[in-house]
1. No solvent, one uniform scatterer per C-alpha: report log10 I(q)/I(0) for the stretch 63-190 via the Debye equation at q = 0.16, 0.21 1/Å, two decimals.
2. About the Cα centre of the stretch 63-190, how large is the charge dipole given +1 on each Lys and Arg Cβ and -1 on each Asp and Glu Cβ? Please answer in debye to the nearest 20.
3. In nm, what is the difference between 0.36 nm times the number of residues separating Glu67 and His176 and their Cα-Cα distance?
4. Towards the positive end of the charge dipole of the chain, with charges on Cβ (+1 Lys, Arg; -1 Asp, Glu), say which of Asn168, Leu190, Leu43 has the farthest Cα.
5. In terms of the Cα gyration tensor, with a ≥ b ≥ c the square roots of its eigenvalues, is the stretch 119-192 rounded because a/c is under 1.5, prolate because a/b exceeds b/c, or oblate?
6. Per the helix-only calculation at 222 nm, which mean residue ellipticity applies to the chain, given -39500 (n - 2.57) for every DSSP H run of n ≥ 4 and division by its residues, nearest 500 deg cm²/dmol?
7. Pull out a ≥ b ≥ c, the square roots of the eigenvalues of the alpha-carbon gyration tensor of the stretch 1-67, then state rounded if a/c is under 1.5, prolate if not and a/b is larger than b/c, and oblate in the remaining case.
8. Give me the number: length gained by fully extending His36 to Glu80, i.e. 0.36 nm times residue separation minus the C-alpha to C-alpha distance, one decimal in nm.
Amino acid sequence: MSEPTADSRTRILDAAEALFADRGYEASSTARIAGHANVPKGLVFHYFPQKIDVLVALVDERTFVEELPDGPDAPGALVEAVPGDPAGTLSRLARRLPLHASPAMRRILFREADTHKSVRERLGRLNSEVFLRARRALELAHPGARGDQARLEAAAATFTAVLIYQENLAGLTGQHIDPDAVAELIVRALGT
């Protein structure tokens, strides 16, 4: 038998990504992954001693949450805030979701978050990052909102929930939520 190659590992991850997105982690056996990747089953275990290691590798290697840089001036660096236009600012934020992942990986994240710690942690980081950006965007674009921190936090949390979980909703029901309309509703609730 020839030596394993990086190409084999990539094919295994490609196959696992497709199967986990389509069927779910539990319904995708290592034998099915190997067959889909066109590699011997033993090669899957060569790279990934347990099936959970395949999922962890997918999450670690194929999803990335772009985090705001640290520092006193940095929180606005990745937020394109326009003073006086909080709805437009939130809409721009919605178009720059800080999650870099394929549609299949996004389905995996939402499907497996309840049962797998590494997936839940990645979604938690995404939620925190979007929340920080939404709160900062509202502070910069709607300075009057700073006076009521509780409402500001609720507005940022609501926007975050809708923005992140709309993909899950779309995957389940086919229903899409217009982030521009959500931004308008949130800004109205904050008061202009």
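Bear in mind these aren't lab numbers, they're just calculated from the coordinates by the rules spelled out. As the structure is a computational prediction, the values presented were derived from the model and not from experiment. Virtual Cβ from ideal backbone geometry, glycine too; neighbours counted across all protein chains shown.
1. At q = 0.16, 0.21 Å⁻¹ the computed log10 ratios are -0.78, -1.23.
2. That gives a dipole near 280 debye.
3. So the extension gain works out to 36.7 nm.
4. My answer, from the dipole projection, is Leu43.
5. The shape class here is oblate.
6. After summing the helix terms and dividing by the residues of the chain, the value is -21500 deg cm²/dmol.
7. oblate
8. Full extension of this stretch gives 11.6 nm more.
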